[in-house]
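The values are calculated or read from the model by the stated rules, or taken from the named source; none is laboratory data. Please read all numbers here as calculations on a predicted model, not as lab measurements. Glycine also receives a Cβ, built like all others from the backbone with ideal geometry; neighbour counts cover every protein chain displayed. What goes into the accessible areas is simple: the full protein's heavy atoms, side chains included, and nothing from ligands, DNA or RNA. Shrake-Rupley method; radii C 1.70, N 1.55, O 1.52, S 1.80 Å.
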Amino acid sequence: MQATPSAHRPITYRLFLPLLAVAALAGGCSTLDIPRADNYPATGQKKARAVHHWDVLADDVAQRIAEKIGDWPAGEYPIYIPPAGDSGFNLGFRKLLITRLVDRGITVSTHPTAVELAFDAQIVQHYAPVSNSLQMPFTRLAAGVAVARDWHLYAQSTTSVVTSALAAGALLDASLLATNGAAAGGPTRTEVLITTSLESGQRYLARTADVYYIEADDTPLYALPPPLPAPTPLKTWRVVVP
């Protein structure tokens, strides 16, 4: 007696067809003579969201500078930190950096000296969209895991699997948003590169570089104000009496 085909077998075949089509397409494109795009290994990067984070960076920079000049005679080479522009970050970071250096017993001058500690903040704005840069990461992750790992469950209980995954992710996202605000969404497309340079006699004695994520709405804190327009030239007329 011939066995009756399973009721789920046609559904399984229908699920396999899109996968086979994708595999065929990928196989046809594999012969292109161009390098593929690989991801970098997973790393972590801080997000600057408060003046306290500027203070943490200033303290870290001061510690690294103190270690670099630890063998200098005390007070013999005072350091001057020149202003770096009138942005909110530049004004605040300079004050914090001076404070943290003085806390470590480093002599900081109020006037230019032979040794300067210059710093700079550069805003980097990426314009290409990123699919995983979302404000609700766990909602996206829950749905993604269900599709990639549990696709075979769709034939029996597609609706219940997806609904449960999305509900759990949405609940966790709501909790993170309530605790951490929008920054719970992870990386942004806006970064700031902060560099410091200990310089003397046209030479670099020490240098640091740090990168932070920032929210796009916070870029005015790091951007320099636009330059003032050039004054309108005045014309002078001389009255000649006939």
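Quick notes on this structure:
- Protection proxy ranking for 201-211, 228-238, using the average of other Cβ atoms within 10 Å per residue and placing the highest first: 201-211, 228-238.
- Stretching residue 107 away from residue 207 to a fully extended chain increases their span by 34.1 nm, per 0.36 nm per residue minus the current alpha-carbon distance.
- Amide H contacts of residue 115 (H built 1.01 Å from N, in plane; Pro and chain starts excluded): 80 sit under 5 Å, all sequence-distant by 5 or more or on other chains.
- Extension gain for residue 91 to residue 43 (0.36 nm times residue separation, less C-alpha to C-alpha distance): 14.2 nm.
- Protein-only accessible surface order, largest first, of 116, 76, 191 at 1.4 Å: 76, 116, 191
- Cβ-based net charge around residue 224, under 12 Å, with every Lys or Arg adding one and every Asp or Glu removing one: -2
- Cβ-derived FRET efficiency at R0 51 Å, residue 71 paired with residue 125, nearest 0.05: 0.80
- Accessible area, probe 1.4 Å, largest first, for residues 95, 68: 95, 68
- Rounded to the nearest whole Hz, the Karplus-based 3J(HN,Hα) values (6.51 cos²θ - 1.76 cosθ + 1.60, θ = phi - 60°) of the range 75-82 follow the sequence x, 7, 10, x, 9, 10, 10, x, with x at glycine and proline.
- Here the simple spin-label model places points 7 Å from the Cα toward Cβ, and for residue 33 and residue 64 these points are separated by 4.4 nm.
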